[in-house]
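Shown next, in structure tokens, is the structure this report addresses.
Any read-out appearing in this document is the output of simple, stated calculations on the displayed coordinates, not a laboratory observation. In this text the structure is predicted, and so the values were computed from the model without any measurement. A quick note on method: Cβ atoms are made from the backbone with ideal geometry, for glycine too, and the neighbour counts reach across all protein chains shown.
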Amino acid sequence: MKVLAAFACGCLALAPAVRAADRQACNVSVDITDTDPKGTNVRAAPGGNAIASLKNSGDGWIEVHITAQLGDWYEIDRASLIDADQPPDGKSLFQGKGYVHKSVVGVSGMQNGGAIYSDHDAHSAPVDPHAPGDQPVDLLGCWDQFLKVHVKKGTGWTKEACTNMNTTCV
């Protein structure tokens, strides 16, 4: 029994380190794509309690700054409402550490002619060296300043996704 208790304690001690190792640092901005009129929940931890609700109160969009990815969750440090009635950086809706699920964020497309690479390195092989701006783009993840995306030509990494919900960035 003592061996089992020691094993369980050892596993519990390793659990935070495993979770910390799964944290991928990022420095990217993306859009809230959630259409729920009640808003998008920002949570205290992945799957945890809601600490804020991001609501679009105008004709613009909500942009969040991602600082890390933890599986299906993105860690954010701020969110802003972007529209013509706001300053260039938008109106702050959230400041601090919070988490949003990957299902509620995305990008509106690619910057026209933007490059998509096979790895999160601009020196890696191109998946699409001149991606069209008006194509559907699925956001899959992040790594430093790169977004992992899926487009018509395949899956790859880019720094040139469009986060302007009012235009196609062409």
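Close amide H pairs (under 5 Å, H built 1.01 Å from N) link N164 with S108, residues at least 5 positions away or on another chain. Residue by residue, region 31-45 carries 3J(HN,Hα) couplings of 9, 7, 10, 4, 9, 5, x, 6, x, 9, 6, 9, 10, 5, 8 Hz when phi is fed to the Karplus relation 6.51 cos²θ - 1.76 cosθ + 1.60 (θ = phi - 60°); x denotes Gly or Pro. Between the beta carbons of R23 and N112, assuming R0 = 35 Å, the FRET efficiency works out to 0.60 to the nearest 0.05.
What spacing in nm lies between the two simple spin-label points modelled at D89 and D144, each 7 Å away from Cα in the Cβ direction? Using points 7 Å along Cα→Cβ, the separation is 2.5 nm. Among 83-92, 96-105, the peptide with the highest mean count of other Cβ atoms within 10 Å heads the list, and the full ranking is 96-105, 83-92. Remark: for residue pairs K97/K159; K102/K152; K97/K152; K91/K153, the C-alpha separation exceeds 27 Å in K97/K152; K91/K153. Annotation for T155 and A44: the two label points, set 7 Å from Cα along the Cα-Cβ direction, are 3.4 nm apart.
Classify region 19-73: rounded, prolate or oblate, from the alpha-carbon gyration tensor (a ≥ b ≥ c, eigenvalue square roots; a/c under 1.5 rounded; otherwise prolate if a/b is larger than b/c)? Oblate shape, in that a/c is at least 1.5 and b/c is the bigger or equal ratio. Computed from phi, the 3J(HN,Hα) profile of region 87-95 under the Karplus parametrisation 6.51, -1.76, 1.60 (θ = phi - 60°) reads x, x, 8, x, 9, 5, 10, 7, 9 Hz, with x in place of Gly and Pro. Scanning residues 5 or more positions from G114 or on other chains, those with amide H under 5 Å from its amide H are A131, with H placed 1.01 Å from N in the peptide plane. Rounded to the nearest Hz, the phi-derived 3J(HN,Hα) couplings of region 119-132 under the Karplus curve 6.51 cos²θ - 1.76 cosθ + 1.60 (θ = phi - 60°) are 9, 7, 7, 5, 9, 7, 4, x, 7, 8, x, 9, 5, x, where x marks glycine and proline.
The separation of region 36-71 from region 102-170, counted between C-alpha centres, amounts to 21 Å.
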